[in-house]
Amino acid sequence: MPVGASSFEVADPKDFQVGDRVQVKRPSTQEWITALGTDDFGGGVSALGWKQGDVDLYFDRTIVAITGRKITVDVPLTTSLDQNYGGATVAKYSWPGRIYNVGIENLTLVSDFDRSNPKDEEHRWMAVTFTNVEDAWVRQLSFKHFAGSAVFINETAKRITVEDCISTQPVSEIGGQRRYTFLHVDSKPFSSDALQPMGIMITV
């Protein structure tokens with residue numbers, strides 16, 4: 001299945017129906033990691049290389065059509081699915097606790113810090129965070145002095161819009177995991193008892 005495709009075949013589609021929420025998992029197999037050359041980043045520090053299972057990719061989708069064994073989802077997948085590198089699985093799920101259609105608008109958010117320490121980190125890191133939410137937005141916000149991120153979109157958030165926002169004058173050390181103004185973490189597996197895995201049959 002090539003990058004940008006929105007249809008795939010499953011071995012048995014009887015447990016799926018149009019409208020189902022599904023999660024597609026593309027596993028990070030050793031074969032895939034080796035082919036990418038990301039098992040060793042050089043410099044004599046082999047521990048930094050990717051490990052099997054550490055960088056699995058997950059895609060949150062909705063089924064819009066089923067024809068025979070072929071399932072079509074609402075949004076194309078941004079990676080290829082190759083049987084030689086582990087293929088993929090698809091599982092339907094339910095999420096009763098997820099909230100929808102919420103927004104934050106027209107605010108100025110300022111993190112107070114120790115003015116005697118220009119690298120102070122004992123103050124607010126994140127201004128706005130999105131977790132377990134879908135179809136949400138941040139619009140026309142101004143952020144100042146946050147050490148981490150103005151907007152942090154967690155892996156459990158979906159379809160988040162950030163519009164007409166500005167973040168200035170961050171206060172922190174200069175280093176990793178800091179000053180990621182608009183940070184989006186990729187999707188992870190859902191911890192839901194409703195997940196029902198089903199293998200995807202890769203066809204060319």
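The values are calculated or read from the model by the stated rules, or taken from the named source; none is laboratory data. Given the structure is predicted, the values throughout are model-derived calculations rather than measurements. Neighbour counts are summed over all protein chains in view; Cβ atoms, including those assigned to glycine, are modelled from backbone coordinates with ideal geometry.
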Practice task
Exactly one condition in (1) farther than 24 Å from Trp95 by Cβ; (2) in the same structural domain as Ala91 (by TED's automatic domain parsing) is not met by Met1; state its number.
Solution key: (2)
Problem - Single residue of the range 52-106 satisfying the filter (touching a residue at least 60 places away in the same chain (Cβ under 8 Å) and among the basic types (Lys, Arg)) that is nearest to Arg26 (Cα to Cα) - result: Lys92
